[in-house]
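A quick write-up on the structure given underneath.
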Amino acid sequence: MSDATTTRPAAEGSLIGQRITKLDAPEKASGRTRYIHDMQLPGQLHAAILRSARVHARIVRIDTAAARALPGVHAVITAADLPNQRPIGVAKDHLPLKGDRVRSLRDEIAAVAADSEAVALAALRLIKVEYEDLPVVADAEAAAAPGAPLVHPPIAGAAAGAPVALTGRADNIAMRFDYGHGDVAQGEAESDVVVEDTFELHYVTHCCMGVSGVIAEFDARGNLVLYSNTQVPFLHKREFAEVLGMDPGRIRIVQPPIGGGFGSKLDIYPFEVICVQLARVTGRPVRLMFSREEEFLASPTRQPVRLTLRSGCRRDGTLTFRSVHTLHDNGAYTSWGATTPFVMMQTFSSLYRVPHCDYHTVAVYTNNPYAGSFRGYGNLQATFAVEAHMDRMAEAVGMDALQFRLLNAQQAGEVTGQGMVFRSCGFAECLRTAAERSDFVRKRAQYAAERDQPGPIKRGIGIASMLHVGGGAKIYPSDGCGTILKLDDFGHVTLITGASEIGQGSETVLAQLVCEELGLPISAVSVVNNDTDITPWDVGVHASRTTFIAGNSAIGAARKARDKILAAAAAAHDCPAESLALRGGRIVRAESGEPLVDLARFLRGLHFNERAELVVTSFYYEPPSVHQDKGYKGDVSAAYAWAAQVVEVEVDTDTGVVRMVNVTAAHDVGRVLNRLGIEGQIEGGIVMGQGYALTENLVVEGGRIRNPNFRDYKLVTAPEIPAMDISFIESLDGEGPQGAKGVGEAPAICIAAATANAIQNATGKRITTLPFTPERVYRALHDALPAPRPTPRVPS
Amino acid sequence: MSPTSEISFTLNGVHRRATVGLEMSALQMLRDVIGLTGTKYGCGEGECGACTISVDGKPVNACLLFALDCDGRDITTVEGLAGDARAQALAKAFVDHGAVQCGFCTPGMMVQATHLLATTPHPDAAAAQRAIEGNLCRCTGYRKIVDAIVAAGETR
């Protein structure tokens with residue numbers, strides 16, 4: 001069903017572009033993989049966390065006496081037991097255990113370590129908390145208004161310059177971004193068409209199949225060993241050192257296989273710090289696992305956004321300007337969600353050629369759940385708005401949706417107003433390919449013409465595009481990854497990489513890249529990637545960067561090893577190293593392919609040679625990208641990924657039910673490395689996008705999550721998935737490993753936008769809020785959907 | 001000390017006994033008492049299928065079954081599929097078709113699909129999709145799982 005096109009034949013024997021099965025798939029299919037939930041340490045205790053029963057309240061009193069007295073309880077901790085807690089998170093506004101005030105329903109008040117989970121839970125029920133309710137701010141607009149109750153009110157006597165958690169704030173502003181290039185007033189003056197709409201994007205959450213959990217242990221030397229599902233082990237280690245006041249050299253993070261990540265494990269969370277504190281207090285290993293309900297209540301969400309977009313174009317279809325302002329509900333604490341405007345502004349400024357663009361955004365503290373990073377990182381929200389406007393403007397100037405996009409599409413060699421440089425860019429080819437393979441132009445005209453025919457079922461087709469970083473991202477101070485490669489006497493290679501496997505298949509693709517250089521079968525490699533005491537530094541799994549950054553690092557190490565081997569072989573065979581090659585587990589003459597010696601045999605010989613350094617190290621620091629300047633301008637990624645996706649829907653106008661029938665996706669991935677893996681990433685991303693568009697909704701009312709379970713949250717199930725036709729555009733990026741670019745987030749980004757455009761094509765109705773539930777669509781069909789309130793501007 | 005009871009049943013082809021709490025689920029018994037961790041906790045309320053086991057030949061969410069009700073039953077978990085030729089062909093198809101990413105839903109999918117192949121040896125895609133509709137997967141988008149199930153049916 002997923003049919004790859006535009007593929008170039010790989011060289012004879014090459015692994016590139018092949019269907020390489022995942023190295024860890026056999027053990028996972030047999031149920032033998034030991035996830036963090038499956039681990040038991042000798043002498044371990046079980047932890048549980050008491051969370052707030054109130055949305056916003058002062059804590060008057062916490063009585064833990066009965067819990068402490070319960071047999072089997074080893075420790076009960078509250079903020080009072082940890083007088084010098086250090087704040088965590090992106091804005092350092094979050095203390096793991098709350099002592100004087102709870103700001104959201106997930107807030108951690110006390111924690112228990114006990115002989116069993118049942119005892120720990122029983123102990124929680126014995127803890128009495130007396131609250132004094134405070135006014136709840138559950139709406140971002142209300143929170144931004146002057147005189148709104150403060151979520152982090154100023155704390156008297158706080159030291160100047162201390163973090164927000166210790167000083168508080170005089171307002172509810174968590175973060176603010178102001179971006180601009182060109183002159184939007186001039187752009188608007190030059191416009192023949194101007195459109196403005198407000199979009200309101202909802203809460204969704206990651207729903208990793210494996211719930212969150214951590215096991216903390218202080219070993220016999222007093223060093224902290226943390227079994228963690230983090231996506232950023234080295235950043236985690238550093239932050240834990242700060243939070244615990246420990247030497248980072250005494251913190252070791254081990255990452256057991258993980259039941260899904262999708263960005264959810266990019267930050268440090270209170271439960272992790274609390275678990276470590278319990279291990280410290282008890283001197284025993286402590287294991288803390290969420291229930292599914294707790295996972296829904298206490299995990300980060302995708303950032304809910306209100307977004308007002310004003311766009312213009314000339315009569316000939318050329319874009320003139322784009323002006324955006326957004327209001328982000330930050331929730332009670334700041335995690336990565338607040339920084340999603342970094343990515344959103346790239347789509348506003350640079351997905352299409354926009355000569356004048358500005359973007360103003362504020363993230364506001366409320367008493368709602370707080371938002372973190374989630375696959376696509378703001379780009380789903382931004383793309384939803386931009387692509388609605390592309391359709392509206394195309395219609396206004398009488399161009400078809402494809403032509404209008406092609407006219408404004410970025411091309412290779414362009415430098416955008418934001419300073420992004422598109423060295424490789426298959427955007428136009430993505431658009432053409434997705435349109436041709438879906439018969440987009442013909443169907444779109446046909447469906448629009450058929451709209452008024454009798455019968456409840458209306459068909460519609462819509463297109464949307466996306467731009468995302470594909471060559472790492474300069475967000476952190478560095479964007480590197482290190483590799484150690486070890487070759488043994490048997491021609492077996494151990495690849496030790498800083499890059500974490502979170503199910504996405506990084507260990508397989510990295511092994512593949514190494515084997516390609518060394519002329520070895522994939523079975524000749526084992527990968528070590530889950531222990532900070534062993535693996536070299538890496539910034540973490542984020543920004544679709546692992547294949548690009550860790551891949552380049554792995555290739556660097558493999559080439560070093562290859563050069564050493566060939567130099568030694570050249571000396572032994574008295575010929576130039578350039579005339580030799582590694583193929584099929586042998587050293588051969590490059591031109592004729594004549595085998596000289598088995599690699600394993602030769603490596604054994606090298607071990608008795610003083611030049612034998614069969615451990616090589618390499619790194620990929622830094623990719624050719626730069627940090628943004630103070631105006632958010634700069635070429636932050638070494639490569640950019642592009643895609644166009646066409647969605648075809650059936651809308652039942654009697655019920656409002658939208659069925660996603662077909663998705664035709666064309667992705668500029670630079671180059672296909674592992675065809676099986678990349679298809680899996682794209683299919684999974686499409687269906688995640690389908691959930692965002694049609695079914696998933698974390699209902700938050702007055703700070704309370706109303707549906708913390710799978711039954712009411714509604715993930716997409718197998719019978720609902722669309723037929724998927726996937727094409728790969730190979731733009732062969734000059735910096736990418738074998739020409740590849742990152743693709744992890746890309747496929748989820750524009751599905752909702754294309755679905756909105758398809759529903760419009762089917763019904764004539766433009767819906768600007770998500771998800772497209774039967775009720776919402778039915779209301780829209782009957783003009784009973786309230787228009788979203790314009791996004792308020794928050795003055796600085 | 002909460003009351004316990006001793007039960008006996010067949011687990012993965014071997015007759016055995018276990019002492020279980022009255023409120024314990026079959027999932028807790030398998031994971032915490034017996035130590036078979038292939039069966040996963042995903043939600044504990046019968047919504048995700050990660051804990052699917054076979055009870056007297058029928059797929060069941062182990063989280064919704066009392067351990068006590070395993071008494072006298074014939075239970076197969078993902079670990080027990082190792083001796084089943086049809087399930088092994090399915091496991092190979094899961095690997096070959098890229099049906100595994102994070103792998104957390106995979107054991108439940110394997111048990112569910114093995115049951116399908118036992119009752120419908122050559123399912124088409126629609127039948128495979130229906131069979132796994134109670135098994136959630138967040139990584140793959142299901143397509144490759146369906147492909148694997150159909151392919152396993154075709155090869156036999």
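Among the residues of the range A:1-22, those identified as at pLDDT below 50 and within 14 Å of chain B (Cβ to nearest Cβ) are A:M1, A:S2, A:D3, A:A4. Candidates A:A511, A:A499, A:A543: the one that is in contact with a Ser or Thr (Cβ under 7 Å, 6 or more places away or on another chain) and either aliphatic (A, V, I, L, M) or not in a helix (DSSP H, G or I) (or both) is A:A499. Selection of the range B:2-24 for residues being more than 14 Å from chain A (Cβ to nearest Cβ) and not β-branched (V, I, T) yields B:S5, B:E6, B:S8, B:F9, B:G13, B:H15, B:R16, B:R17, B:A18.
Of the residues A:R375, A:R392, A:R353, A:R405, the single one that is surrounded by fewer than 24 Cβ atoms within 10 Å (Cβ to Cβ), of a type outside the set (A, V, I, L, M) and within 25 Å of A:Q690 (Cβ to Cβ) is A:R392. Is there a residue in the range B:83-96 that is under 25 Å from B:A18 (Cβ atoms), away from chain A (no Cβ under 11 Å) and over 13 Å from the mean Cα position of the chain (by Cα)? Checking the range B:83-96: at least one residue is under 25 Å from B:A18 (Cβ atoms), away from chain A (no Cβ under 11 Å) and over 13 Å from the mean Cα position of the chain (by Cα). In this structure, A:T617 does not qualify as outside any strand (DSSP E or B) and either surrounded by fewer than 24 Cβ atoms within 10 Å (Cβ to Cβ) or free of Cβ contacts under 8 Å to residues at least 12 places away in the same chain (or both).
Residue under question is A:S553, and the condition is that it be of a type in the set (S, T, N, Q) and more than 14 Å from chain B (Cβ to nearest Cβ); does it hold? So A:S553 passes the test. Number of residues in the range B:25-64 that are aliphatic (A, V, I, L, M), more than 10 Å from chain A (Cβ to nearest Cβ) and outside any helix (DSSP H, G or I): the value is 3. Being modelled with pLDDT under 95, at negative phi and surrounded by fewer than 19 Cβ atoms within 10 Å (Cβ to Cβ) holds for only one residue in A:P719, A:P774, A:P786, and it is A:P786. Does the range B:88-109 contain at least one residue that is free of Cβ contacts under 8 Å to residues at least 60 places away in the same chain, in contact with a Lys or Arg (Cβ under 8 Å, 6 or more places away or on another chain), closer than 20 Å to B:G57 by Cα and not in a helix (DSSP H, G or I)? No, that holds for no residue.
Every condition in (1) of a type in the set (F, W, Y); (2) more than 24 Å from A:H46 (Cβ to Cβ); (3) crowded, with 23+ Cβ neighbours inside 10 Å holds for A:Y203 except the one numbered (3). How many residues does the range A:625-651 hold that are buried (at least 24 other Cβ atoms within 10 Å of the Cβ), of a type outside the set (A, V, I, L, M, F, W, C) and part of a strand (DSSP E or B)? The number of residues fulfilling the criteria is 3.
Take the range A:440-459 and flag every residue that is without any contact (Cβ under 8 Å) to a residue 60 or more places away in the chain and outside any loop (DSSP other than H, G, I, E, B).
The answer is A:V441, A:R442, A:A445, A:Q446, A:A449, A:E450.
Here the range A:460-481 is the region considered, the condition is being touching a residue at least 12 places away in the same chain (Cβ under 8 Å) and surrounded by fewer than 18 Cβ atoms within 10 Å (Cβ to Cβ), and the residue that is nearest to A:P624 (Cα to Cα) is A:S478. Inside the range A:243-271, residues that are more than 14 Å from chain B (Cβ to nearest Cβ), in contact with a strand residue (DSSP E or B) (Cβ under 9 Å, 6 or more places away or on another chain) and not hydroxyl-bearing (S, T, Y) make up a count of 12. The residue that is farthest from A:A752 (Cα to Cα), among those in the range A:655-695 that are assigned to a strand (DSSP E or B) and touching a Ser or Thr at 6+ places or on another chain (Cβ under 6 Å), is A:D668. Considering only residues that are buried (at least 23 other Cβ atoms within 10 Å of the Cβ) and either within 16 Å of the chain's Cα centre (by Cα) or without any contact (Cβ under 8 Å) to a residue 40 or more places away in the chain (or both), which ones fall in the range A:237-266? Residues satisfying the conditions are A:F240, A:I258, A:G259, A:G260, A:G261, A:F262, A:G263, A:S264, A:K265, A:L266.
When A:G685 is tested against (1) under 30 Å from A:N330 (Cα atoms); (2) within 14 Å of chain B (Cβ to nearest Cβ); (3) in contact with a Gly (Cβ under 6 Å, 6 or more places away or on another chain), exactly one condition is not met: (3).
Return a yes/no flag: does the range A:156-170 have any residue that is within 14 Å of chain B (Cβ to nearest Cβ) and not hydroxyl-bearing (S, T, Y). Checked against the condition, which is being within 14 Å of chain B (Cβ to nearest Cβ) and not hydroxyl-bearing (S, T, Y), the range A:156-170 yields no hits at all. Against the list (1) within 13 Å of chain B (Cβ to nearest Cβ); (2) touching an Asp or Glu at 6+ places or on another chain (Cβ under 9 Å); (3) crowded, with 24+ Cβ neighbours inside 10 Å, the condition A:T664 fails is (1).
Taking every residue in the range A:705-720 that is farther than 20 Å from A:V658 by Cα and pairing it with any residue that is surrounded by fewer than 20 Cβ atoms within 10 Å (Cβ to Cβ), at least 6 positions away or on another chain, the pairs with Cβ-Cβ distances below 6 Å are A:I705/A:L297; A:R706/A:V699; A:N707/A:V699; A:P708/A:E293; A:P708/A:L297.
State whether one or more residues within the range B:27-43 are farther than 23 Å from B:C102 by Cβ, outside the structural domain of B:M109 (by TED's automatic domain parsing), in contact with a helix residue (DSSP H, G or I) (Cβ under 8 Å, 6 or more places away or on another chain) and without any contact (Cβ under 8 Å) to a residue 24 or more places away in the chain. No, the range B:27-43 has no match at all. Examine the range B:65-84 for a residue that is in a strand (DSSP E or B), over 25 Å from B:L136 (Cβ atoms) and either of a type in the set (D, E) or modelled with pLDDT of 95 or more (or both), and state whether such a residue exists. Yes, there is a match, as at least one residue in the range B:65-84 is in a strand (DSSP E or B), over 25 Å from B:L136 (Cβ atoms) and either of a type in the set (D, E) or modelled with pLDDT of 95 or more (or both).
Only one of the listed residues (A:G337, A:G283, A:G331) is at positive phi and under 26 Å from the mean Cα position of the chain (by Cα). That residue is A:G331.
Name the single residue that is surrounded by the most Cβ atoms within 10 Å (Cβ to Cβ) among those in the range B:118-156 being in a loop (DSSP other than H, G, I, E, B), β-branched (V, I, T) and at the interface with chain A (Cβ under 8 Å from one of its Cβ atoms). For the range B:118-156, the residue satisfying everything is B:T140. Filtering A:G491, A:G482 for residues that are farther than 30 Å from A:F440 by Cβ, assigned to a loop (DSSP other than H, G, I, E, B) and more than 14 Å from chain B (Cβ to nearest Cβ) leaves a single hit, A:G491.
The values are calculated or read from the model by the stated rules, or taken from the named source; none is laboratory data. None of these values were measured; they are calculated from a predicted model. Note: ideal-geometry Cβ built from the backbone for every residue, glycine included; neighbour counts use all protein chains shown.
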